[in-house]
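Working notes for the structure below.
The values are calculated or read from the model by the stated rules, or taken from the named source; none is laboratory data. Here the structure is a predicted model, which means the values were calculated and not measured. Here the Cβ is made from the backbone with ideal geometry for all residues, glycine too, and neighbour counts use every protein chain on show.
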């Protein structure tokens, strides 16, 4: 149905274009549109009102399209007196089930005929006999069931026949024979079970055959006898066997694709084919390719992905010296013999991901620029890298390499992209050798993700000053040296997602004037003041996010430096409970246009003038936040309604039940009330708190909050970490009662802890001192 609507749209647009851009003929038939494109006069007839081919087609018509009509049959005499017609398309007429012999007898000038997307199952023998200039015929998706001898046989001028997406089950002898100019034949997506060489007999120029998506089960040694194919498309059939010498007579064969069949053996099949340039055998059942590719001097591209190959021997590729691209991914290769690639001096790209290879030598690969070996069983880094010193792209992700990464890669002076994620030796070390990247003078991007790194030496990137992208996500980094990224003036993309960072030095990103994307998602930042100063030094970013960090509070002190380059600021999926008045101001965010606070699971209310003064702000997204639509939101909603041009605010009520799901801007002000006898600033009681404990023991710091409406509360530790219920901070937990529990106390836990409570009426804070003494 979608295809029908799409084609209707195409037809309609062509018709509109014809009417609106070019002058219409006064003789244009009813329900048609006519236009004159220079020397080409075109007529488009479409619609349910056309029940037969119009009789008054202008004589100067060179192209005629008839589409989306209820016509059921094309008859002899339908097309007459059109001496200049070159192209005829009768398409997408779903009731058209028959074409009468002689229908096109009066169209000797036709060069292109399209009868596609109709509903006839057969075309009569001799239908095209009078079309002595016909070059292309297209009847795709028209329910044809057979192609008989005589329909196309012996046609003197046909060059291209398109018959895909039909129901063709059989091809009679010489169905496409005796066609001296036929070059291309398309039969994909039919129901053919076999190919008979007699079908193509006497068509010497037929070079391209597409029989993808049929049900062919075998290719015999006689299938292509007497043909001269250069391009063969045999993908997605049910081919189990390909006989020896099936292609031996095709001395001009350049390309053959047998993807997604059931082929288990190809011994001696691809042999002595002097022009063969590309073979694709993706997703078959091959277990061995020894002796398959013999004397193929021009074979440049070979795809063997998705088979069951277990071994590459030292002689497997001896007879393919021109190979430039080799794909062996997703097999079961457990051994690559030494010297397996020694004769592939022209090989440019080697793809060998998802195998079981324990070691590999790159000896002889002097032209190699791309090597992908993700998800193998490598125990050490590839050897003979000096032979492959032209590499520009190397990926070794997810390998159990136990060999330490020292300076093995230093010979790869042209390497621009390096993937070293999920490497066992890096996980064991927990850090990088500071000289691991030295010698990689052209390195532009490096992926060191998922290596459980806890630290990175400050000089790690000194050897790669031109690097533009660094991916360090999914590690265990707790801190970064302020020197780590200094001097990387070309750095454009930095990903620090999913680490354990809780504090950044303000100078961490100084000098990164070209940085456009920075991700700090999923770290352990609890205090915005511990990260914002570092961000304040950055230029305007196209992408930056602090999402999924355990922030609990945003206030005036959260942004000690103006965030003057920030246009879009995102702190979604956090634990923010409190946003104080004045947090976002014209001083701290002078250029803010977009604020994202979505899915912050503890944000229940917003201060009244929270967005006041942010003249450039166009939107605030707080969708999914659990807002209590009561008196604490009344001032914010009032402010929104008083603005002449307020920013777009996406926020809905989570409670009370009577307002659940209602857009904040639609809630009546009279409904925003609190059930309080007296509204008041919250008060805090910390009595009964532990002021002393010993190392290894537990301390309880109390914070009983009272006042109405109910206040939000959080604790600030001596290090500046801010914690609330479900913050998930190591060794420290905030209970629903307000108590902070410090387990396995340590000497560094000594200091002043502050409990803060906030509601829309104001804020209260109280301090509790804790001293952790030595074990007795």
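Laid out as a table, the results:
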| item | result |
| --- | --- |
| All positions within the range 650-672 that are assigned to a strand (DSSP E or B) and over 23 Å from residue 761 (Cα atoms) | 650, 663 |
| The range 558-569, residues that are modelled with pLDDT under 95 and outside any loop (DSSP other than H, G, I, E, B) | 568, 569 |
| The range 54-70 - residue that is surrounded by 22 or more Cβ atoms within 10 Å (Cβ to Cβ) and not in a strand (DSSP E or B) and, of those, modelled with the highest pLDDT | 69 |
| Qualifying residue in the range 735-757 (condition: crowded, with 20+ Cβ neighbours inside 10 Å, part of a loop (DSSP other than H, G, I, E, B) and in contact with a helix residue (DSSP H, G or I) (Cβ under 7 Å, 6 or more places away or on another chain)) | no |
| Candidate set from the range 516-545 (those that are in a loop (DSSP other than H, G, I, E, B) and at pLDDT below 95); member that is surrounded by the most Cβ atoms within 10 Å (Cβ to Cβ) | 538 |
| Of the criteria (1) surrounded by fewer than 17 Cβ atoms within 10 Å (Cβ to Cβ); (2) in the same structural domain as residue 767 (by TED's automatic domain parsing), which one residue 699 fails | (1) |
| Condition met for residue 286 (free of Cβ contacts under 8 Å to residues at least 40 places away in the same chain, within 19 Å of residue 357 (Cβ to Cβ) and not in a loop (DSSP other than H, G, I, E, B)) | no |
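So that you can scan it fast, the table gives a plain yes or no per residue for (1) surrounded by fewer than 15 Cβ atoms within 10 Å (Cβ to Cβ); (2) outside the structural domain of residue 763 (by TED's automatic domain parsing); (3) in contact (Cβ under 8 Å) with a residue 40 or more places away in the chain:
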{"position": "647", "(1), (2), (3)": "no, yes, no"}
{"position": "653", "(1), (2), (3)": "no, yes, no"}
{"position": "658", "(1), (2), (3)": "yes, yes, no"}
{"position": "661", "(1), (2), (3)": "yes, yes, no"}
{"position": "674", "(1), (2), (3)": "no, yes, yes"}
{"position": "677", "(1), (2), (3)": "yes, yes, no"}
{"position": "692", "(1), (2), (3)": "yes, no, yes"}
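Matching residues to (1) in a loop (DSSP other than H, G, I, E, B); (2) in the same structural domain as residue 77 (by TED's automatic domain parsing):
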{"residue": "127", "(1), (2)": "yes, yes"}
{"residue": "137", "(1), (2)": "no, yes"}
{"residue": "157", "(1), (2)": "yes, no"}
{"residue": "165", "(1), (2)": "yes, no"}
